[in-house]
Amino acid sequence: MGKLTAIQVKNLGPGMHGDGESLYLAVTGKGGRSWVFRYREAGRLRDMGLGSARDVPLADARRKAADLRRLRADGHDPLVAKQAAEARQFADKARAVTFAEVAEAFIKTNRAGWRNEKHAAQWAATLATYAYPVIGSMPVGEVETVHVLAILEPIWSTKPETATRVRGRIEAVLDAAAARGLRTGENPARWRGRLSAILPARSRVAKVQHHAALPFGELPAFMTDLRARPGIGAAALEFTILTAARSGEVRGLRWCEIDLDGTLWRVPADRMKAGRDHRVPLSGRALEILAGMAPAEGRLRPDALVFPGAKRGTMLSDMTLTGVLRRMGRGDVTAHGFRSSFRDWASETTHFPFEVVEMALAHTIASRVEAAYRRGDLFMKRRDLMEAWAQFCGASCG
């Protein structure tokens, strides 16, 4: 032991230079210098790095080599022992990572792929309200079925929709934790074959609550009242009804999406629920509303909102249309419910085909086979449909 000197460690050229008893100084062609413990295990030569010669002095390298020789004398493979120690260290760190930390990282990573900021806010809010008080500070690897049930059982019957979303979000976070090596075993929040054996199906604890809709027979009189009301909110609500669109699509409408020459509205995929571009034919009355929203000076900024909020550059609040309905004394219906009114009117009073009406609502075609063959969007037929709808809505307006 002790063939090398400190000066040699600094000055030796490329190669493997033995210090004795399995300790070597490895020097690369570029001048890199590191310590290597070389030994033979099961007939195979193995090298174990002990660090850079710049960071580990010769004396320390010899002490490390001595420790590894004692480990070998006790019948252990140093590399295997190192890997086991690293695994234990990783497990110790994993045990310290909490459910809340993994959830927040999951939201941050996936935020860009979600439809809007509101969705991310809902994720954070539901987990903070229901999950974090029970498992937020727990190591994510220790979350079990009993903990998930403690979160879900109090709200499973009273708030079934919220409970279902919370369960799905917990499941997604725990799957992400497993993918990162922070937990093992079955996901305790999984429904099929796990929670389904304990909790009743959602359909058994509450009926699906549909958006309250105005009976279509009341639409003409309702529209007469609506058109007499001033304000951007009233105009946006009427435009929403006439286009059978979702209120969020209308509130986010910008002038660059409107083709006045083609009398159509192109809604980009990133603003559609189904994630696909959607063309909306504009009736004569819808075009009149747009004309009324154009700036007085006649200059249109393509990125400007058609129905802007009170604060410059902001969208109308999702409560704005609700406020219009309440002032009209129709707080019993919702803006989204007019899509149902449109659907009922088309089904019960017109001969427009089912698929034309469904495409007007931007619904996804249920059959994958039909979707594969139907490449068009039936736009011309939908133009006739939307003009008929506008005429019906204005039937009693004189």
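Just so it is clear, none of the values below were taken in a lab; they were calculated from the coordinates. It should be emphasised that the depicted structure is a prediction, and the values quoted were computed from it without experimental measurement. Don't worry about glycine lacking a Cβ; one is built from the backbone with ideal geometry, like all the others, and counts go over all protein chains shown.
Evaluate E = 1/(1 + (r/R0)^6) for Leu264 and Arg204, where r is the Cβ-Cβ distance and R0 equals 56 Å; express this FRET efficiency to the nearest 0.05.
0.80
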Q. Using the count of nearby Cβ atoms within 10 Å as a rough guide to exposure, how do Lys108, Lys64 rank from fewest to most?
A. Lys108, Lys64
**Q.** Rel. contact order, % - alpha carbon contacts under 8 angstrom, at least six apart, region 216-393
**A.** 28 percent
Q | Full-stretch length increase - Trp191, Ala124 - with 0.36 nm per residue and alpha-carbon distance subtracted | A | 22.0 nm
Q.
Test of understanding: extend the Cα→C-beta vector of Ala388 to 7 Å, then name every residue of region 220-254 with backbone N under 13 Å from that spot.
A. none
Q. What is the spin-label model distance, in nm, from Glu101 to Ala73 if the labels are put 7 Å beyond Cα along the C-beta direction?
A. 4.0 nm
Q: Would you please state which residues of region 17-40 a label at Ala66 would reach in this model, taking the label point 7 Å out along Cα→Cβ and a backbone N cut-off of under 20 Å?
A: 18-25, 35-39
Q. Count of lysine pairs in the chain with Cα atoms under 19 Å apart, counting only pairs 8 or more residues apart in sequence or on different chains?
A. 8
Q) Extension gain Glu358-Ala81, at 0.36 nm per residue separation less the Cα-Cα distance, in nm? A) 93.3 nm
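Stretched out fully, how many nm does the piece from Arg54 to Ala178 gain, at 0.36 nm a residue minus the Cα gap?
Details: separation 124, 0.36 × 124 = 44.64 nm, distance 3.86 nm.
Length gained, Arg54 through Ala178: 40.8 nm.
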